[in-house]
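S.K.: Below is one structure. I have some questions about it.
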Amino acid sequence: MNALSSEEVGSYLNRYFVSSYQKVGTFQVVNGEKTGGNVASYFCLPDGSVLHVVAGPVDAATLLREARWVVDTRKLAMTESKGNYARYRAFFRKAHAERLRKEHNLDLDPQRMKDTFSLASFSNQAIDKRGQRRQLGTQGQVHWLLASDPLVKIEQVYSTVFEKILGEKVSTLPVLEK
């Protein structure tokens, strides 16, 4: 699943993004191989506002598709919002809500999500318009999270993604080699 080893993915990311990484979980290196831990790929604006997240390891085609979605959606948002931040944010709210509807068959009212959502109460279950709880996979949870709170700052959301969506503990412990 090493998507970053793909030349096509690397080239695209280098063309449109500034890449960085930060270790936030625990894992070990055994015989030169990483074991344990997890990964989340964040697509952010320069101020740390999160446009999109890919939660968990994915293949090259998936990471490239998601990166292209971010670039295309951002271009449309910039055109539609005409420099108005509230409209720009609303565009991303709607874009994530649309993917939640199309890809996860969950049709939620973005305005209602905005009015009732908090990062502290986020769980992997969404309540649909009929009041039914729906279990969501990792990407469904990402879309729900970002439809509820689009352009949230990375420092406010990374622990929610890592702990509540990926089921890992945030840790600053050093990497252990065995």
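S.K.: Kindly write out, for the range 87-104 in residue order, the coupling ³J(HN,Hα) from the Karplus curve 6.51 cos²θ - 1.76 cosθ + 1.60 (θ = phi - 60°), rounded to whole Hz, with x marking Gly and Pro.
M.R.: Rounded to whole hertz, the list is 5, 4, 5, 4, 4, 5, 4, 5, 4, 5, 5, 5, 5, 4, 5, 6, 8, 10.
S.K.: Using the count of nearby Cβ atoms within 10 Å as a rough guide to exposure, how do Lys164, Lys82 rank from fewest to most?
M.R.: Least to most surrounded, the residues fall as Lys82, Lys164.
Bear in mind that the values in this text are calculations on the coordinates, not laboratory data. As the structure is a prediction and not an experimental result, all values here were calculated from the model. So basically every Cβ, Gly included, is an ideal-geometry build from the backbone, and we count neighbours across all protein chains shown.
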